[in-house]
1. Per DSSP H run of at least 4 residues, take -39500 (n - 2.57); add these up for the chain, divide by its residues and hand me the 222 nm value, nearest 500 deg cm²/dmol.
2. Rounded, prolate or oblate: pick one for the chain, where a ≥ b ≥ c are the square roots of the eigenvalues of its C-alpha gyration tensor, a/c under 1.5 means rounded, and failing that, prolate if a/b is larger than b/c, else oblate.
3. Among the trypsin sites (Lys or Arg not before Pro) in the stretch 41-123, which ones are in a DSSP loop with at most 11 other Cβ atoms within 10 Å of the Cβ? Mind listing them?
4. Express the C-alpha Rg of the stretch 1-81 as a ratio against the empirical globular expectation 2.2 N^0.38 Å, rounded to two decimals.
5. Would you mind telling me the antiparallel percentage of the DSSP bridges in the chain, rounded to 5?
6. Can you give me the Cα centroid spacing of the stretch 2-18 and the stretch 92-112 in angstrom?
7. Within the stretch 80-118, which residues have the backbone N less than 15 Å from the label spot 7 Å out from SER144 along Cα→beta-carbon, could you tell me?
8. At 1.4 Å probe radius, can you tell me the per residue accessible area of the stretch 66-121 in Å²?
Amino acid sequence: MHPVKGAHRAIKAARLAGRELMLAGPVQTGQEEYFRELVEPHIDGRRVHYLGEVGGRAKQELFANAAALLMPVRWSEPFGMVMVEALACGTPVIAFPEGAAAEVVIDGVNGMLVANETEMARAVARLGSVDPRACRASVAERYSMSVTAAGYERVYRRAIHADHRRHHSDAAGNVVGSSRLYAPSLGVS
């Protein structure tokens with residue numbers, strides 16, 4: 001429950017859409033004021049529910065029974081596994097096109113990319129145009145274990161190939177390569 005994650009924006013979008021909202025996730029240290037001021041006043045047990053942290057089977061059921069996952073994140077989230085988990089359950093994702101959402105959500109196929117809460121609410125009305133099978137297929141085609149493992153293997157092979165090119169042997173069998181050093185935190189070369 002952090003402002004950039006956007007629970008308050010999801011509440012606004014759900015209200016505009018006239019839909020019930022289930023909020024899940026922990027309130028971690030340092031997030032209490034945000035939760036207390038911008039989220040908790042809207043939790044009424046009828047339109048807005050707070051479930052706390054949800055995992056395992058309960059999380060799968062929550063996704064499978066949801067009309068959509070609202071992803072009103074306003075930061076460049078590196079991946080956002082929650083989107084893939086929802087899609088794997090056949091649940092479309094409605095997200096702002098920031099960070100990984102622009103990669104994971106295929107607009108009109110497995111969800112919708114929207115600019116703000118008003119557009120998010122309008123997208124809820126168009127959820128019938130997204131086939132749950134397309135949501136699941138988009139995950140299987142791009143994020144299954146075999147696809148992910150093959151991707152890692154390609155990256156490792158490229159790195160090995162690049163390393164071999166940098167460190168080759170001369171005619172006398174001596175290793176020839178760069179004398180440069182790199183320390184990520186120092187940028188020394």
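The values are calculated or read from the model by the stated rules, or taken from the named source; none is laboratory data. No experiment lies behind these values; they were computed from the predicted model shown. Quick reminder, even Gly has a Cβ in these numbers, built from the backbone with ideal geometry, and neighbours come from all protein chains shown. SASA here: full protein model, heavy atoms, side chains in, ligands and nucleic acids out. Shrake-Rupley method; radii C 1.70, N 1.55, O 1.52, S 1.80 Å.
1. One gets -12000 deg cm²/dmol as the mean residue ellipticity at 222 nm.
2. Prolate, because a/c is 1.5 or more and a/b exceeds b/c.
3. The qualifying sites are ARG46.
4. 1.06
5. Just about 15 percent of them are antiparallel.
6. So the separation of the two Cα centres works out to 16 Å.
7. Output list for this probe position: 88-89.
8. 36
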